[in-house]
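The values are calculated or read from the model by the stated rules, or taken from the named source; none is laboratory data. Bear in mind the structure is a predicted one, so any value in this text is a computation, not a measurement. All Cβ positions, glycine included, derive from the backbone under ideal geometry; neighbour counts span all protein chains shown.
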Amino acid sequence: MILEMRTYQIQAGKAAEFLKIYQEQGLAIITRYAKLVGCWTKESGTLNSVVFLWGYDDFGHRSVQRSKLAQDPQWQAFVPAILPYLVQQESVFLNPVAFSPTC
């Protein structure tokens, strides 16, 4: 399994609105394609950030699933709703070591 840590820097003071829209409109769509491991807000480092951790079997699985997501008309309709909130996005892939617990 690999994990994708996606960090969204949100306009100051808008994280609660972003999360509400994401939960109510986007979460049911994206979880058809990816396993949500968790979602957090940051209290240190780059503030006004939301961190999602998504699980995939491997990088190939992630590529296929993200391609399917990108083609989903409901996702395509949802994305414009969150774009005004975003300042920056970062995606980091985490590979577990042999002794790491699995998700």
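Data table
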{"item": "Qualifying positions in the range 79-103 - assigned to a helix (DSSP H, G or I) and farther than 18 Å from Gly26 by Cβ", "result": "none"}
{"item": "Any hit, the range 23-34, residues being surrounded by 12 or more Cβ atoms within 10 Å (Cβ to Cβ), among the aromatic types (Phe, Trp, Tyr) and more than 14 Å from Val79 (Cα to Cα)", "result": "yes"}
{"item": "Odd one out for Thr41 among (1) of a type outside the set (Gly, Ala, Ser); (2) more than 13 Å from the chain's Cα centre (by Cα); (3) within 17 Å of Gln9 (Cβ to Cβ)", "result": "(2)"}
{"item": "Single condition Phe52 does not satisfy, out of (1) in a loop (DSSP other than H, G, I, E, B); (2) in contact with a Cys (Cβ under 9 Å, 6 or more places away or on another chain); (3) of a type in the set (Phe, Trp, Tyr)", "result": "(1)"}
{"item": "Pairs where the first residue, in the range 40-55, is within 10 Å of Thr7 (Cα to Cα) and the second is among the hydroxyl-bearing types (Ser, Thr, Tyr) and in a strand (DSSP E or B), C-beta under 6 Å, 6+ apart", "result": "Lys42/Ser49; Ser49/Thr7; Val50/Tyr8; Val50/Thr41; Val51/Thr7"}
{"item": "Tabulated pairs, the range 79-92, first within 11 Å of Glu17 (Cα to Cα), second assigned to a strand (DSSP E or B) and not acidic (Asp, Glu), C-beta under 7 angstrom, 6+ apart or interchain", "result": "Tyr85/Ile10"}
{"item": "Residue that is farthest from Ile2 (Cα to Cα), among those in the range 65-78 that are aliphatic (A, V, I, L, M) and either modelled with pLDDT under 95 or exposed (fewer than 13 other Cβ atoms within 10 Å of the Cβ) (or both)", "result": "Ala77"}
